[in-house]
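One structure is given here, and the rest of the page talks about it.
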Amino acid sequence: MGLTLGLAHRIVTPAEIRGNPVFHPRIPRPAILSAPGRLGITLCGMLRTKDLSKEVAFTLKQSVQIRLIAYLGFFFVSNGRTLRWESNGDHYLQEARDRGKRVIFAFWHNRILASTWYWRNRGIVAMTSMNLDGEYIARVLRMFGYEAARGSSSRGGLRALIEMERCLAEDKDVAFTVDGPRGPRHLVKPGAVLLAKRTGCPILCFHISTSRCLQMNSWDHFQIPAPFSRAVVLMAPLIWVPADADVEGLQGKQDEMQQVLDRLRMEGDSHWQKHDPGQV
């Protein structure tokens, strides 16, 4: 694609993030589209799904497990306060704000911890699966000021997309782990592209790399940032999906997302390998 992202990063302070109108603007609400969509998907009927977790029954053992893991997740996410943050590409988010649009954040599943801390307390609505993993992820997200639309590519995805469309219309950003909830790792799924087509809101791909981390032996190679390490946030130019995009056009945009996120990941991770070969 010829996309080049330089590494002339700047330091981001917590005070700057909290006070930056880029993250908390009031913008016109886009219209909700209720006509049948392409690819056999119809996003109409407009169901409320914020409380879908109530439809999932867990045993006592599972409920205890969810609570314990959620508090452990809170601890790991809170480690973000010890990291030294840099960012590159804030002007892409500002571009969306200047055009009166909310954004659809897209990133890889294994960077959930760092991403949850960096984008906290902005009312972002994130898609989480309706299984046990999704339940404790949703609870951790709520601790940091997010909302959860419950569903995934394998279960409840249509209802979650409907909810996310409503949230964009209600002046809220939304977020996808585009290879979640179960992979394959680093393979983009079409949900974000479909939502962008229906709402006219752009996709903002980003990637967070840390100088030191613990990498788990999981399907996504989940990463836990090391305390007091450095973190860089790379954002890419906005991806706009035309409302009249056909199946071929949608596939092209999905391929574009794949290329952008792959490039961000390689650039961000190789940056620390060059400057900090001793990362864990």
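The values are calculated or read from the model by the stated rules, or taken from the named source; none is laboratory data. The model shown is predicted, which means the values in this text are computed figures rather than measured ones. Please note: Cβ atoms are built from the backbone with ideal geometry, for glycine as well, and neighbour counts cover all protein chains shown.
Computed quantities for the displayed model
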item: Single match in 33, 43 (criterion: at pLDDT below 95, in contact with a Gly (Cβ under 6 Å, 6 or more places away or on another chain) and surrounded by 15 or more Cβ atoms within 10 Å (Cβ to Cβ)); result: 43
item: Search result, residues across region 75-119 that are part of a helix (DSSP H, G or I), under 23 Å from residue 211 (Cβ atoms) and hydrophobic (A, V, I, L, M, F, W, C); result: 75, 76, 77, 112, 113, 114, 117
item: Test: residue 210 is buried (at least 17 other Cβ atoms within 10 Å of the Cβ), over 24 Å from residue 246 (Cβ atoms), β-branched (Val, Ile, Thr) and over 13 Å from the mean Cα position of the chain (by Cα); result: yes
item: Inter-residue pairs, beta-carbon under 8 Å, first aromatic (Phe, Trp, Tyr) and in region 232-251, second part of a helix (DSSP H, G or I), 6+ apart; result: 240/196
item: Residues (over 16 Å from residue 110 (Cα atoms) and either modelled with pLDDT under 80 or hydrophobic (A, V, I, L, M, F, W, C) (or both)) located in region 259-280; result: 260, 272, 273, 274, 275, 276, 277, 278, 279
item: Residue check, residue 150 buried (at least 23 other Cβ atoms within 10 Å of the Cβ) and under 27 Å from residue 272 (Cβ atoms); result: no
item: Selection from region 227-257 of residues that are part of a loop (DSSP other than H, G, I, E, B) and surrounded by 15 or more Cβ atoms within 10 Å (Cβ to Cβ); result: 229, 236, 237, 238, 240, 241, 245
item: Matching residues in region 120-140 - criterion: being over 22 Å from residue 187 (Cβ atoms) and touching a Gly at 6+ places or on another chain (Cβ under 9 Å); result: 120, 121, 122, 123, 124, 136, 139, 140
item: Residue 198 part of a helix (DSSP H, G or I), within 26 Å of residue 146 (Cα to Cα), within 20 Å of the chain's Cα centre (by Cα) and among the basic types (Lys, Arg); result: yes
item: The one condition in (1) of a type in the set (Val, Ile, Thr); (2) in a loop (DSSP other than H, G, I, E, B); (3) surrounded by fewer than 17 Cβ atoms within 10 Å (Cβ to Cβ) that residue 224 fails to fulfil; result: (2)
item: Positions within region 173-193 being at pLDDT 95 or above and assigned to a helix (DSSP H, G or I), in sequence order; result: 192, 193
item: Counted residues, region 48-69 - those being at pLDDT below 85, over 13 Å from residue 133 (Cα atoms) and exposed (fewer than 14 other Cβ atoms within 10 Å of the Cβ); result: 5
item: Leading residue by the ranking (surrounded by the most Cβ atoms within 10 Å (Cβ to Cβ)) among those in region 122-133 that are more than 14 Å from the chain's Cα centre (by Cα) and under 19 Å from residue 76 (Cβ atoms); result: 133
item: Hey, residue 218 hydroxyl-bearing (Ser, Thr, Tyr) and in a strand (DSSP E or B) or not; result: no
